[in-house]
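Worksheet for the structure shown next.
The values are calculated or read from the model by the stated rules, or taken from the named source; none is laboratory data. Because the structure is predicted, anything quoted here is derived from the model rather than measured. Virtual Cβ from ideal backbone geometry, glycine too; neighbours counted across all protein chains shown.
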Amino acid sequence: MSDAESTPGDRPRRGRRAERVIQTAGVGGPHLGDGHDTIVDFTPTGADSDRVWLAGTDLHSFADVVAHASFNSATGATTITHNDTDAIVLNGVTPNQLTADQFIFS
């Protein structure tokens, strides 16, 4: 697996097969964060499925993710908002495609 690295701000992200996408809230290390980060090619299922690592957020379980997820049918994207300024947007993914196995909490 590879880790996505980012700089602060609202940025689109692309992944590679079986990528681990890391979301931190200002914690050091490779991360997404500091705004609304859009994963443009998140793969929710299959051998090459992606995972989201939520570290330093108020989301501590898959139930938290589901409670903070919303779907925009106009854009076909699911947004997982974890505070007033930070969110992850998964393009082309519906909430019912999300499973607990796709998330790592710390």
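Whether any residue in segment 88-102 is in contact with a helix residue (DSSP H, G or I) (Cβ under 6 Å, 6 or more places away or on another chain) and more than 21 Å from residue 40 (Cβ to Cβ) is what I want to check. Yes, that holds for at least one residue. Condition check for residue 80 on (1) free of Cβ contacts under 8 Å to residues at least 12 places away in the same chain; (2) buried (at least 20 other Cβ atoms within 10 Å of the Cβ): one failure, at (1).
Taking (1) touching a helix residue (DSSP H, G or I) at 6+ places or on another chain (Cβ under 8 Å); (2) under 17 Å from residue 37 (Cα atoms) in turn, residue 81 satisfies each apart from (1).
What single numbered condition from (1) in contact with a His (Cβ under 7 Å, 6 or more places away or on another chain); (2) acidic (Asp, Glu); (3) modelled with pLDDT under 50 fails to hold for residue 58? Failing condition for residue 58: (3).
Looking across segment 41-55, the residues that are under 22 Å from residue 94 (Cβ atoms) and either assigned to a strand (DSSP E or B) or at pLDDT below 75 (or both) come down to 51, 52, 53, 54.
Just one residue in the set 38, 24 is at negative phi and at pLDDT 75 or above; that residue is 38.
Pick from segment 40-67 the residues that are of a type in the set (S, T, N, Q) and touching a residue at least 40 places away in the same chain (Cβ under 8 Å): which of them is nearest to residue 100 (Cα to Cα)?
Here the residue is 61.
Restricting attention to segment 93-106 and to residues that are surrounded by fewer than 19 Cβ atoms within 10 Å (Cβ to Cβ), part of a loop (DSSP other than H, G, I, E, B) and touching a strand residue (DSSP E or B) at 6+ places or on another chain (Cβ under 7 Å), the residue that is modelled with the lowest pLDDT turns out to be 106.
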